[in-house]
Amino acid sequence: YVDAPNILHPYDIDGMDNMARAADAKAGKTLDRTLKGWYWLKSAEPEATCGLEASIAYLESVINSLGPFDGILGFSQ
């Protein structure tokens, strides 16, 4: 399995953006685990994302270096 390459912060994730978590993350306090994602929303209206292009490039490099593959690539955020 290929893990998402982008390291996320609590304030990058919808539903985890409460003020306490965001303040902790911005102050450098770490979480119990590293959160990763394929992309995150930069803004909701209009919808703009960050990190998706880097994720696609990362997947291309994995396929080129470890492939060829026979199978299905599932993509979930």
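Calculated FRET efficiency, K42 to D70, Cβ-Cβ distance, R0 = 35 Å: about 0.45 to the nearest 0.05. Each peptide among 64-70, 45-51, 34-40 gets the average number of other Cβ atoms lying within 10 Å of its residues, and from highest to lowest they stand as 34-40, 45-51, 64-70. Return, ordered by residue number, the residues of the stretch 47-77 whose backbone nitrogen is under 14 Å from a label point located 7 Å along Cα→Cβ of Y1. Only 74-77 fall inside the zone, counting backbone N under 14 Å.
No value in this document is a laboratory result; all are computed from the given coordinates. Note that this is a predicted model, so its numbers are computed, not measured. Cβ coordinates were reconstructed from backbone atoms using ideal geometry, including for glycine residues, and neighbour counts include every protein chain displayed.
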